[in-house]
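The values are calculated or read from the model by the stated rules, or taken from the named source; none is laboratory data. Not measured: the values here are computed from a predicted model. Heads up, the Cβs are rebuilt from the backbone with ideal geometry, glycines too, and the neighbour counts pull from every protein chain shown. Side chains are part of the model used for accessible areas, which takes the heavy atoms of the whole protein and leaves out ligands, DNA and RNA. Shrake-Rupley method; radii C 1.70, N 1.55, O 1.52, S 1.80 Å.
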Amino acid sequence: MILKGTFLHTPALGALEIRPNAFLITDRARVVGLYDTLPPEYEGQPVTDWGDALIIPAFTDLHIHAPQIINRGIGYDKELLPWLETYTFPAEGRFGDLSFAERAWKAFLNHLWAVGTLRFSAFTTIHKEAAWRLMELTEQSGLRGLIGKVNMDRNSPDDLKEDTMASLADTEELICRSREELRHTGFILTPRFVPSTTPMLMDGLGVLAERYALPVQSHLSENPSEVAWVAQLHPDIPTYTQVYEDYGLLPRGRTIMAHAIHLSDREKDLLREKEVMLAHCALSNTNLSSGIMPLRQNLSLGLRCCVASDVAGGHTANLARSITATVQTSKLNWLHHPDQSSLSLTEAFYLATRGAGSFFGDVGAFLPGFDFDALVLRPSALDALVERTPFERLEQFLYDGDDRNIAARYCAGSLVEQPFPELELA
Ligand code: GUN
Ligand code: FE
(Lines give C-alpha, C1' and ligand atoms only; values in the text may rest on other atoms or scores of the structure.)
(Ligands and ions follow the chains in the order given, each with its own letter.)
Protein backbone atom coordinates (compact mmCIF):
# COMPACT_ATOMS: atom_id res chain seq x y z
CA MET A 1 0.00 0.00 0.00
CA ILE A 2 1.21 3.54 -0.73
CA LEU A 3 -0.35 6.46 1.18
CA LYS A 4 0.29 10.14 0.63
CA GLY A 5 -0.34 12.88 3.18
CA THR A 6 1.23 14.85 6.00
CA PHE A 7 2.54 12.39 8.58
CA LEU A 8 3.14 13.29 12.22
CA HIS A 9 4.42 10.88 14.89
CA THR A 10 6.48 10.68 18.07
CA PRO A 11 9.12 7.95 17.69
CA ALA A 12 10.53 8.64 21.18
CA LEU A 13 9.44 10.56 24.30
CA GLY A 14 9.68 14.26 23.45
CA ALA A 15 10.59 13.62 19.79
CA LEU A 16 8.21 14.88 17.12
CA GLU A 17 8.62 14.09 13.43
CA ILE A 18 6.50 15.89 10.83
CA ARG A 19 6.70 14.90 7.16
CA PRO A 20 4.53 17.12 4.94
CA ASN A 21 3.33 15.64 1.63
CA ALA A 22 5.23 12.42 2.19
CA PHE A 23 4.71 8.84 0.98
CA LEU A 24 4.29 6.00 3.45
CA ILE A 25 4.74 2.50 2.07
CA THR A 26 3.47 -0.62 3.79
CA ASP A 27 3.94 -4.33 3.17
CA ARG A 28 0.97 -6.24 4.65
CA ALA A 29 0.78 -5.18 8.33
CA ARG A 30 4.05 -3.28 8.45
CA VAL A 31 5.58 0.05 7.55
CA VAL A 32 8.32 -0.20 4.95
CA GLY A 33 9.29 3.44 5.15
CA LEU A 34 8.33 7.10 4.98
CA TYR A 35 9.70 9.01 1.94
CA ASP A 36 9.65 12.62 0.75
CA THR A 37 9.54 11.43 -2.88
CA LEU A 38 8.23 8.12 -4.12
CA PRO A 39 11.13 5.67 -4.57
CA PRO A 40 11.48 4.75 -8.27
CA GLU A 41 10.66 1.06 -7.74
CA TYR A 42 7.13 2.07 -6.69
CA GLU A 43 6.46 4.31 -9.71
CA GLY A 44 3.18 3.47 -11.42
CA GLN A 45 1.65 1.71 -8.41
CA PRO A 46 -1.67 2.98 -7.02
CA VAL A 47 -1.36 5.70 -4.37
CA THR A 48 -4.05 6.53 -1.81
CA ASP A 49 -3.73 10.31 -1.78
CA TRP A 50 -5.18 11.79 1.43
CA GLY A 51 -4.55 15.32 0.14
CA ASP A 52 -4.05 17.81 2.96
CA ALA A 53 -5.06 15.32 5.66
CA LEU A 54 -2.89 14.89 8.76
CA ILE A 55 -2.02 11.24 9.40
CA ILE A 56 -1.08 10.29 12.97
CA PRO A 57 -0.58 6.98 14.82
CA ALA A 58 -3.84 5.51 16.15
CA PHE A 59 -4.38 5.37 19.91
CA THR A 60 -3.68 2.37 22.15
CA ASP A 61 -5.62 2.22 25.45
CA LEU A 62 -4.01 -0.17 27.93
CA HIS A 63 -6.56 0.28 30.69
CA ILE A 64 -10.26 0.23 29.97
CA HIS A 65 -13.17 -1.65 31.54
CA ALA A 66 -15.35 -2.74 28.61
CA PRO A 67 -18.57 -3.32 30.66
CA GLN A 68 -18.22 0.03 32.38
CA ILE A 69 -18.71 1.82 29.06
CA ILE A 70 -22.43 1.87 30.02
CA ASN A 71 -21.55 3.96 33.10
CA ARG A 72 -19.21 6.50 31.50
CA GLY A 73 -19.91 9.94 32.89
CA ILE A 74 -21.99 8.67 35.83
CA GLY A 75 -21.37 8.64 39.58
CA TYR A 76 -18.38 10.79 40.39
CA ASP A 77 -19.69 11.85 43.80
CA LYS A 78 -17.77 9.06 45.53
CA GLU A 79 -14.22 7.84 46.01
CA LEU A 80 -13.00 4.49 44.72
CA LEU A 81 -14.34 1.96 47.24
CA PRO A 82 -17.90 3.32 47.63
CA TRP A 83 -17.91 4.11 43.87
CA LEU A 84 -17.24 0.43 43.12
CA GLU A 85 -20.06 -0.70 45.44
CA THR A 86 -22.58 1.93 44.36
CA TYR A 87 -22.11 2.19 40.61
CA THR A 88 -19.59 -0.24 39.18
CA PHE A 89 -20.50 -3.62 40.63
CA PRO A 90 -24.22 -3.25 39.78
CA ALA A 91 -23.29 -2.38 36.19
CA GLU A 92 -20.94 -5.36 35.89
CA GLY A 93 -23.62 -7.68 37.32
CA ARG A 94 -25.66 -7.14 34.15
CA PHE A 95 -23.09 -8.99 32.05
CA GLY A 96 -24.32 -12.35 33.32
CA ASP A 97 -26.96 -11.80 30.61
CA LEU A 98 -25.20 -12.78 27.41
CA SER A 99 -27.61 -11.05 25.05
CA PHE A 100 -27.09 -7.76 26.90
CA ALA A 101 -23.34 -8.32 26.85
CA GLU A 102 -23.40 -8.98 23.10
CA ARG A 103 -25.11 -5.66 22.38
CA ALA A 104 -22.85 -3.81 24.80
CA TRP A 105 -19.68 -5.31 23.27
CA LYS A 106 -20.65 -4.37 19.74
CA ALA A 107 -21.44 -0.83 20.84
CA PHE A 108 -18.16 -0.75 22.77
CA LEU A 109 -16.10 -1.82 19.75
CA ASN A 110 -17.93 0.60 17.46
CA HIS A 111 -17.20 3.34 19.97
CA LEU A 112 -13.48 2.56 20.30
CA TRP A 113 -13.26 2.52 16.52
CA ALA A 114 -15.04 5.89 16.34
CA VAL A 115 -12.68 7.62 18.78
CA GLY A 116 -9.57 6.19 17.14
CA THR A 117 -8.54 3.59 19.73
CA LEU A 118 -7.60 0.64 17.55
CA ARG A 119 -5.66 -1.38 20.14
CA PHE A 120 -6.57 -1.95 23.73
CA SER A 121 -6.26 -4.08 26.81
CA ALA A 122 -9.65 -4.50 28.45
CA PHE A 123 -11.13 -5.84 31.65
CA THR A 124 -14.50 -7.56 31.20
CA THR A 125 -16.39 -9.02 34.18
CA ILE A 126 -16.25 -12.38 35.99
CA HIS A 127 -18.59 -13.88 33.38
CA LYS A 128 -16.82 -16.42 31.19
CA GLU A 129 -19.37 -16.47 28.37
CA ALA A 130 -19.43 -12.69 28.07
CA ALA A 131 -15.62 -12.50 28.12
CA TRP A 132 -15.40 -15.09 25.36
CA ARG A 133 -17.94 -13.19 23.28
CA LEU A 134 -15.87 -9.99 23.52
CA MET A 135 -12.82 -11.94 22.38
CA GLU A 136 -14.69 -13.28 19.33
CA LEU A 137 -16.18 -9.90 18.44
CA THR A 138 -12.81 -8.18 18.82
CA GLU A 139 -11.31 -10.73 16.44
CA GLN A 140 -14.04 -9.90 13.90
CA SER A 141 -13.74 -6.14 14.39
CA GLY A 142 -10.36 -5.50 12.78
CA LEU A 143 -9.21 -3.91 16.05
CA ARG A 144 -6.50 -5.59 18.13
CA GLY A 145 -7.15 -6.38 21.76
CA LEU A 146 -6.02 -8.16 24.87
CA ILE A 147 -9.02 -9.22 26.89
CA GLY A 148 -9.27 -10.48 30.43
CA LYS A 149 -11.99 -12.23 32.33
CA VAL A 150 -11.97 -10.55 35.75
CA ASN A 151 -11.10 -12.75 38.74
CA MET A 152 -12.64 -11.86 42.12
CA ASP A 153 -13.42 -14.19 45.04
CA ARG A 154 -13.50 -12.00 48.15
CA ASN A 155 -14.93 -8.68 49.35
CA SER A 156 -17.33 -8.63 46.40
CA PRO A 157 -21.12 -8.60 46.09
CA ASP A 158 -22.69 -12.09 46.03
CA ASP A 159 -23.43 -12.04 42.29
CA LEU A 160 -19.81 -11.16 41.45
CA LYS A 161 -18.05 -13.37 44.00
CA GLU A 162 -16.52 -16.42 42.37
CA ASP A 163 -15.63 -19.80 43.77
CA THR A 164 -11.81 -19.83 43.70
CA MET A 165 -11.37 -23.10 41.83
CA ALA A 166 -14.14 -22.26 39.35
CA SER A 167 -12.52 -18.88 38.68
CA LEU A 168 -9.22 -20.57 37.84
CA ALA A 169 -10.87 -23.26 35.72
CA ASP A 170 -12.90 -20.70 33.74
CA THR A 171 -9.76 -18.64 33.19
CA GLU A 172 -7.74 -21.59 31.94
CA GLU A 173 -10.56 -22.61 29.61
CA LEU A 174 -10.55 -19.14 28.01
CA ILE A 175 -6.78 -19.16 27.69
CA CYS A 176 -6.82 -22.48 25.83
CA ARG A 177 -9.84 -21.69 23.69
CA SER A 178 -8.50 -18.31 22.59
CA ARG A 179 -5.16 -19.88 21.64
CA GLU A 180 -6.90 -22.47 19.52
CA GLU A 181 -9.51 -20.31 17.83
CA LEU A 182 -8.24 -16.72 17.62
CA ARG A 183 -5.31 -15.26 15.73
CA HIS A 184 -5.19 -11.60 16.69
CA THR A 185 -6.95 -11.42 20.04
CA GLY A 186 -5.06 -12.38 23.17
CA PHE A 187 -6.01 -13.30 26.71
CA ILE A 188 -4.64 -11.26 29.62
CA LEU A 189 -4.87 -12.43 33.24
CA THR A 190 -7.01 -9.95 35.17
CA PRO A 191 -7.17 -10.22 38.95
CA ARG A 192 -9.39 -7.21 39.76
CA PHE A 193 -7.12 -5.93 42.56
CA VAL A 194 -5.65 -7.34 45.75
CA PRO A 195 -8.68 -6.64 48.02
CA SER A 196 -10.98 -8.74 45.83
CA THR A 197 -8.68 -11.74 45.20
CA THR A 198 -7.76 -14.29 47.88
CA PRO A 199 -4.18 -15.50 48.28
CA MET A 200 -5.27 -18.87 46.87
CA LEU A 201 -6.67 -17.23 43.73
CA MET A 202 -3.62 -15.01 43.25
CA ASP A 203 -1.41 -18.06 43.68
CA GLY A 204 -3.33 -19.97 41.00
CA LEU A 205 -3.23 -17.03 38.61
CA GLY A 206 0.53 -16.69 39.15
CA VAL A 207 0.89 -20.33 38.13
CA LEU A 208 -1.16 -19.70 34.96
CA ALA A 209 0.91 -16.57 34.17
CA GLU A 210 4.03 -18.68 34.15
CA ARG A 211 2.61 -21.83 32.52
CA TYR A 212 1.16 -19.94 29.55
CA ALA A 213 3.63 -17.00 29.51
CA LEU A 214 0.66 -14.65 29.79
CA PRO A 215 0.44 -10.91 30.32
CA VAL A 216 -1.23 -9.63 33.51
CA GLN A 217 -3.27 -6.50 34.20
CA SER A 218 -4.59 -5.14 37.49
CA HIS A 219 -4.92 -2.06 39.70
CA LEU A 220 -2.22 -0.77 42.05
CA SER A 221 -2.17 1.95 44.74
CA GLU A 222 -5.00 4.04 43.38
CA ASN A 223 -6.53 5.41 46.57
CA PRO A 224 -5.28 5.83 50.17
CA SER A 225 -8.16 3.79 51.70
CA GLU A 226 -7.46 1.00 49.24
CA VAL A 227 -3.74 1.02 50.08
CA ALA A 228 -4.53 0.86 53.82
CA TRP A 229 -6.93 -2.04 53.18
CA VAL A 230 -4.26 -4.01 51.34
CA ALA A 231 -1.83 -3.45 54.23
CA GLN A 232 -4.48 -4.78 56.62
CA LEU A 233 -5.22 -7.83 54.43
CA HIS A 234 -1.51 -8.67 54.00
CA PRO A 235 0.24 -7.54 57.20
CA ASP A 236 3.25 -9.75 56.47
CA ILE A 237 4.00 -8.25 53.06
CA PRO A 238 5.72 -4.83 53.17
CA THR A 239 4.02 -3.13 50.19
CA TYR A 240 1.06 -3.35 47.82
CA THR A 241 3.42 -3.90 44.85
CA GLN A 242 5.19 -6.69 46.71
CA VAL A 243 1.86 -8.56 47.15
CA TYR A 244 1.58 -8.97 43.38
CA GLU A 245 5.25 -9.90 43.13
CA ASP A 246 4.96 -12.54 45.87
CA TYR A 247 2.12 -14.23 43.99
CA GLY A 248 3.93 -14.24 40.63
CA LEU A 249 1.73 -11.52 39.15
CA LEU A 250 4.43 -9.13 37.89
CA PRO A 251 5.85 -11.10 34.94
CA ARG A 252 8.70 -9.03 33.54
CA GLY A 253 7.72 -6.80 30.63
CA ARG A 254 4.23 -8.34 30.46
CA THR A 255 2.38 -6.50 33.24
CA ILE A 256 0.08 -3.47 33.18
CA MET A 257 -0.73 -1.80 36.50
CA ALA A 258 -3.33 0.97 36.46
CA HIS A 259 -3.08 4.16 38.54
CA ALA A 260 0.08 3.45 40.62
CA ILE A 261 -0.26 6.79 42.38
CA HIS A 262 0.70 6.26 46.03
CA LEU A 263 4.00 4.39 45.82
CA SER A 264 7.17 4.19 47.92
CA ASP A 265 10.65 4.40 46.39
CA ARG A 266 11.07 0.72 47.07
CA GLU A 267 7.95 -0.11 45.09
CA LYS A 268 9.18 2.01 42.19
CA ASP A 269 12.45 0.09 42.15
CA LEU A 270 10.52 -3.17 41.86
CA LEU A 271 8.22 -1.81 39.14
CA ARG A 272 11.20 -0.65 37.11
CA GLU A 273 13.02 -3.93 37.55
CA LYS A 274 9.92 -5.83 36.34
CA GLU A 275 9.39 -3.37 33.44
CA VAL A 276 5.79 -2.93 34.54
CA MET A 277 3.71 -0.63 32.33
CA LEU A 278 2.06 1.98 34.57
CA ALA A 279 -1.24 3.10 33.08
CA HIS A 280 -1.72 6.74 33.98
CA CYS A 281 -5.45 7.47 34.16
CA ALA A 282 -5.69 11.24 34.62
CA LEU A 283 -9.47 11.47 34.14
CA SER A 284 -10.25 8.69 36.58
CA ASN A 285 -7.71 9.96 39.11
CA THR A 286 -9.48 13.31 39.21
CA ASN A 287 -13.08 12.02 38.94
CA LEU A 288 -12.60 9.68 41.92
CA SER A 289 -10.31 12.12 43.83
CA SER A 290 -7.63 9.42 43.81
CA GLY A 291 -4.60 11.70 43.45
CA ILE A 292 -2.07 12.92 40.92
CA MET A 293 0.51 10.44 39.70
CA PRO A 294 3.98 12.09 39.64
CA LEU A 295 4.35 11.25 35.98
CA ARG A 296 7.46 13.34 35.27
CA GLN A 297 9.22 11.85 38.25
CA ASN A 298 8.23 8.31 37.21
CA LEU A 299 9.45 8.87 33.66
CA SER A 300 12.75 10.32 34.95
CA LEU A 301 13.18 7.21 37.11
CA GLY A 302 12.92 5.08 33.98
CA LEU A 303 9.50 3.61 34.71
CA ARG A 304 7.37 2.54 31.73
CA CYS A 305 4.26 4.70 31.55
CA CYS A 306 1.33 5.17 29.20
CA VAL A 307 -1.85 7.25 29.07
CA ALA A 308 -5.09 5.25 29.48
CA SER A 309 -8.79 6.04 29.85
CA ASP A 310 -9.89 3.75 32.73
CA VAL A 311 -13.51 4.01 31.61
CA ALA A 312 -15.68 4.37 33.66
CA GLY A 313 -13.48 5.89 36.36
CA GLY A 314 -12.53 7.97 33.34
CA HIS A 315 -15.66 9.55 31.87
CA THR A 316 -14.78 9.02 28.21
CA ALA A 317 -12.96 6.46 26.09
CA ASN A 318 -11.73 9.24 23.80
CA LEU A 319 -7.98 9.19 24.49
CA ALA A 320 -7.57 12.71 23.12
CA ARG A 321 -9.24 13.81 26.35
CA SER A 322 -6.95 11.67 28.50
CA ILE A 323 -3.92 13.08 26.69
CA THR A 324 -4.94 16.67 27.39
CA ALA A 325 -5.94 15.83 30.98
CA THR A 326 -2.47 14.32 31.42
CA VAL A 327 -0.91 17.62 30.44
CA GLN A 328 -3.34 19.58 32.63
CA THR A 329 -2.85 17.48 35.76
CA SER A 330 0.91 17.52 35.26
CA LYS A 331 0.72 21.33 35.36
CA LEU A 332 -1.17 21.21 38.65
CA ASN A 333 1.41 18.76 39.98
CA TRP A 334 4.18 21.17 38.96
CA LEU A 335 2.55 23.96 41.01
CA HIS A 336 3.00 21.83 44.11
CA HIS A 337 6.28 20.21 43.05
CA PRO A 338 8.30 22.80 41.10
CA ASP A 339 11.11 20.27 40.62
CA GLN A 340 8.77 18.08 38.49
CA SER A 341 8.23 19.84 35.17
CA SER A 342 4.85 19.45 33.48
CA LEU A 343 4.46 17.28 30.39
CA SER A 344 4.27 18.74 26.92
CA LEU A 345 1.41 17.75 24.63
CA THR A 346 3.96 15.97 22.44
CA GLU A 347 5.05 13.85 25.39
CA ALA A 348 1.49 12.99 26.42
CA PHE A 349 0.63 12.11 22.80
CA TYR A 350 3.64 9.78 22.73
CA LEU A 351 2.39 8.03 25.88
CA ALA A 352 -0.95 7.19 24.18
CA THR A 353 0.63 6.06 20.91
CA ARG A 354 4.20 4.71 20.95
CA GLY A 355 4.35 4.47 24.78
CA ALA A 356 1.21 2.34 25.05
CA GLY A 357 1.81 0.62 21.72
CA SER A 358 5.11 -0.80 22.96
CA PHE A 359 3.09 -3.31 25.00
CA PHE A 360 2.10 -4.85 21.66
CA GLY A 361 5.65 -4.76 20.28
CA ASP A 362 6.60 -2.49 17.38
CA VAL A 363 3.43 -0.37 17.41
CA GLY A 364 2.65 3.33 17.73
CA ALA A 365 5.05 5.11 15.35
CA PHE A 366 5.68 5.17 11.60
CA LEU A 367 9.09 3.49 11.80
CA PRO A 368 10.26 0.78 9.39
CA GLY A 369 9.07 -2.62 10.56
CA PHE A 370 6.36 -1.20 12.82
CA ASP A 371 2.74 -2.26 12.45
CA PHE A 372 0.91 0.46 10.53
CA ASP A 373 -1.82 1.82 12.86
CA ALA A 374 -3.04 5.27 11.83
CA LEU A 375 -5.79 7.87 11.94
CA VAL A 376 -6.41 10.14 8.97
CA LEU A 377 -7.54 13.57 10.21
CA ARG A 378 -9.46 15.98 8.02
CA PRO A 379 -10.01 19.58 9.14
CA SER A 380 -13.64 20.54 9.79
CA ALA A 381 -15.04 23.75 8.27
CA LEU A 382 -14.26 25.46 11.56
CA ASP A 383 -10.67 24.21 11.56
CA ALA A 384 -10.19 25.26 7.94
CA LEU A 385 -10.92 28.96 8.61
CA VAL A 386 -7.30 29.62 9.48
CA GLU A 387 -4.23 28.00 8.01
CA ARG A 388 -2.44 25.97 10.66
CA THR A 389 0.83 24.11 10.97
CA PRO A 390 0.59 20.31 11.28
CA PHE A 391 1.43 20.56 14.99
CA GLU A 392 -1.29 23.17 15.57
CA ARG A 393 -3.72 20.84 13.84
CA LEU A 394 -2.70 18.05 16.22
CA GLU A 395 -3.14 20.39 19.20
CA GLN A 396 -6.59 21.42 18.08
CA PHE A 397 -7.66 17.83 17.44
CA LEU A 398 -6.45 16.66 20.84
CA TYR A 399 -7.78 19.57 22.89
CA ASP A 400 -11.12 19.73 21.14
CA GLY A 401 -11.30 15.94 21.07
CA ASP A 402 -13.80 15.84 18.19
CA ASP A 403 -13.69 12.36 16.67
CA ARG A 404 -15.62 13.61 13.62
CA ASN A 405 -12.25 14.82 12.34
CA ILE A 406 -11.21 11.19 11.84
CA ALA A 407 -11.82 10.35 8.18
CA ALA A 408 -10.20 6.90 8.09
CA ARG A 409 -8.52 4.36 10.36
CA TYR A 410 -5.84 1.75 9.69
CA CYS A 411 -4.93 -1.07 12.06
CA ALA A 412 -2.03 -3.45 11.35
CA GLY A 413 -1.86 -2.26 7.76
CA SER A 414 -5.57 -2.60 6.93
CA LEU A 415 -8.25 0.02 6.49
CA VAL A 416 -10.82 -0.67 9.24
CA GLU A 417 -14.49 0.17 8.67
CA GLN A 418 -16.99 0.56 11.50
CA PRO A 419 -17.10 -2.98 12.94
CA PHE A 420 -20.85 -3.40 13.58
CA PRO A 421 -22.74 -0.83 11.49
CA GLU A 422 -26.03 -2.76 11.84
CA LEU A 423 -26.10 -1.74 15.50
CA GLU A 424 -26.22 1.96 14.68
CA LEU A 425 -29.04 1.44 12.19
CA ALA A 426 -31.16 -0.71 14.52
N1 GUN B 1 -10.05 -1.01 41.47
C2 GUN B 1 -10.69 -2.20 41.47
N3 GUN B 1 -11.64 -2.23 40.52
C4 GUN B 1 -11.60 -1.06 39.90
C5 GUN B 1 -12.34 -0.49 38.82
O6 GUN B 1 -13.23 -1.10 38.23
N7 GUN B 1 -11.99 0.77 38.44
C8 GUN B 1 -11.00 1.47 39.05
N9 GUN B 1 -10.72 2.69 38.65
N10 GUN B 1 -10.31 0.97 40.09
C11 GUN B 1 -10.61 -0.28 40.49
FE1 FE C 1 -9.56 0.56 36.28
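Picking from G44, G73, G33, which residue would you name as being free of Cβ contacts under 8 Å to residues at least 12 places away in the same chain, surrounded by fewer than 16 Cβ atoms within 10 Å (Cβ to Cβ) and not acidic (D, E)? Quick ask: steps written out before the conclusion?
Numbers: G73 fails: free of Cβ contacts under 8 Å to residues at least 12 places away in the same chain; G33 fails: free of Cβ contacts under 8 Å to residues at least 12 places away in the same chain.
So the residue among G44, G73, G33 that is free of Cβ contacts under 8 Å to residues at least 12 places away in the same chain, surrounded by fewer than 16 Cβ atoms within 10 Å (Cβ to Cβ) and not acidic (D, E) is G44.
Does L394 satisfy the criteria of being in contact with a Ser or Thr (Cβ under 7 Å, 6 or more places away or on another chain), assigned to a helix (DSSP H, G or I) and either open to solvent by less than 60 Å² (accessible area, probe 1.4 Å) or among the acidic types (D, E) (or both)? So L394 fails the test. If the condition is being surrounded by fewer than 18 Cβ atoms within 10 Å (Cβ to Cβ), free of Cβ contacts under 8 Å to residues at least 60 places away in the same chain and among the aliphatic types (A, V, I, L, M), then segment 346-387 contributes A381, L382, A384, L385, V386. Against the definition (among the β-branched types (V, I, T), open to solvent by less than 20 Å² (accessible area, probe 1.4 Å) and touching a residue at least 24 places away in the same chain (Cβ under 8 Å)), how does T198 come out, yes or no? Judged against the criteria, T198 is not a match. Just one of the listed residues (I126, I55) is more than 19 Å from H259 (Cβ to Cβ) and within 16 Å of ligand 2 (Cβ to nearest atom), namely I126.
For residues that are in a strand (DSSP E or B) and either over 17 Å from C176 (Cβ atoms) or within 15 Å of ligand 1 (Cβ to nearest atom) (or both), tally how many sit in segment 99-146. Break it down into steps so the answer makes sense when it comes.
Just the residues of segment 99-146 that are in a strand (DSSP E or B), to begin with: 117-123, 144-146.
Now restrict to residues that are either over 17 Å from C176 (Cβ atoms) or within 15 Å of ligand 1 (Cβ to nearest atom) (or both): 117-123, 144-145.
Looking only at that region, the number is 9.
The criterion of at least 2 residues that are within 13 Å of ligand 1 (Cβ to nearest atom) and not acidic (D, E) is met by the following helices (runs of 4 or more DSSP H) wholly inside segment 216-292: 224-233, 282-287. The residue of segment 159-187 that is surrounded by the most Cβ atoms within 10 Å (Cβ to Cβ), among those that are within 15 Å of ligand 1 (Cβ to nearest atom) and not in a helix (DSSP H, G or I), is E162.
Against the test of being outside any helix (DSSP H, G or I), open to solvent by 20 Å² or more (accessible area, probe 1.4 Å) and in contact (Cβ under 8 Å) with a residue 12 or more places away in the chain, the options S309, S342 yield a single qualifying residue, S342.
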